[in-house]
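Just so you know, all these numbers are worked out from the coordinates, no wet-lab data involved. Keep in mind it's a predicted model, so treat the numbers as computed, not measured. For neighbour counting, all protein chains shown are included, and Cβ atoms are generated from backbone atoms with ideal geometry for every residue, glycine included.
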Amino acid sequence: MRFMDDLPSPIPPRVPYGATRIHTGAVFAVERVAFRDDAGREIVKDVVRHPGAVTVIPVLDDGRLVMIRNWRIAVGGWLDEFCAGKLERGEDPALAAARELEEETGRSATSIRKVGTFYTSPGFADELMHVFEARGLSEVPRRLELGEQIEVVVRAPAELESMIARGDVTDGKTIGAFALWKFGAGQAAR
């Protein structure tokens with residue numbers, strides 16, 4: 001049996017020949033990247049360069065999940081999410097996961113296990129999301145960053161699944177992380 005990865009790509013990869021930084025911000029940078037298509041035409045795309053991020057699926061001893069309701073200024077509303085945050089330069093993703101768990105949910109974990117990774121929006125960004133499961137939770141003081149508005153909520157996995165199916169959860173990293181956990185590595189650890 002052959003898999004898609006085993007098949008030759010019908011389109012050769014495009015190799016950028018020029019990149020210019022057009023924005024540098026506190027969280028990400030934007031590069032204007034130039035490459036040529038198969039017909040030799042110059043194509044220019046803006047690409048968000050992101051240091052990567054983590055999201056954490058905190059699992060209580062009874063199997064319920066610790067989540068947050070997070071006010072997101074970009075969408076002007078509250079989103080149901082797993083806690084998450086960007087990686088600092090050179091930071092180990094597992095340590096970042098432990099940090100974000102404590103800061104946003106007020107929980108510490110005795111076990112943090114990698115579940116998987118995915119690109120959040122590869123059409124225009126290189127952000128790689130590292131997904132972790134946290135167990136052996138105990139309460140610690142929360143340490144919200146300036147400007148964060150976060151409420152902690154606890155949900156059963158079946159409740160979260162129903163919320164996703166109804167369209168009540170619209171945060172892509174939460175949907176992707178839950179899918180990795182539920183249908184893959186998360187179930188293997190039980």
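General observations
- The chain: antiparallel DSSP beta bridges as a percent of all, rounded to 5: 85 percent
- Ascending count of other beta-carbon atoms within 10 Å, so fewest first, for ASP126, ASP46: ASP46, ASP126
- Less than 5 angstrom separates the built amide H of MET67 from those of VAL153, VAL154, ARG155, all sequence-distant by 5 or more or on a different chain.
- Helix content alone sets the calculated 222 nm mean residue ellipticity of the chain: runs of n ≥ 4 DSSP H residues at -39500 (n - 2.57) each, divided across all residues, give -6000 deg cm²/dmol.
- Reported label for calculated Cα Rg over 2.2 N^0.38 Å given [x] 1.92; [y] 1.00; [z] 1.18: [z]
- Sequence ranges 89-102, 56-69, ranked by mean other-Cβ count within 10 angstrom, highest first: 56-69, 89-102
- Each residue of the range 36-53 was assigned a 3J(HN,Hα) from its phi angle through the Karplus curve 6.51 cos²θ - 1.76 cosθ + 1.60 (θ = phi - 60°); the sequence is 10, 7, 4, 8, x, 6, 6, 10, 10, 10, 8, 10, 7, 9, 10, x, x, 8 Hz, with glycine and proline shown as x.
- Gained length - SER162 relative to GLU91, 0.36 nm times residue gap less alpha-carbon distance: 22.1 nm
- Peptides 20-28, 79-87 ordered by average Cβ neighbours within 10 Å, highest first: 79-87, 20-28
- Extension gain (nm, one decimal) between ARG36 and VAL140, 0.36 nm per residue minus Cα-Cα: 32.2 nm
- Relative contact order computed over the chain (Cα-Cα under 8 Å; 6+ residues apart), in percent: 21 percent
- Put simply, when 137-145, 149-157 are sorted by average Cβ atoms within 10 angstrom per residue, most first, you get 149-157, 137-145.
- Applied to the range 89-101, the Karplus parametrisation 6.51 cos²θ - 1.76 cosθ + 1.60 on θ = phi - 60° returns per-residue 3J(HN,Hα) values of 3, x, 6, 5, x, 5, 5, 5, 4, 4, 5, 5, 4 Hz, with x for Gly and Pro.
- Taking amide H positions as modeled 1.01 Å from N, with prolines and chain starts lacking one, the residues under 5 Å from VAL140 and 5 or more places away or on another chain are ARG107, SER108.
- Per-residue 3J(HN,Hα) values for the range 169-183, derived from phi via the Karplus relation 6.51 cos²θ - 1.76 cosθ + 1.60 with θ = phi - 60°, read 10, 10, 7, x, 5, 5, 5, x, 5, 5, 4, 4, 5, 5, 9 Hz in sequence order (x marks Gly and Pro).
- In this structure, LYS114 and ASP61 have a Cβ-Cβ separation that, at R0 = 22 Å, corresponds to a calculated FRET efficiency of about 0.60.
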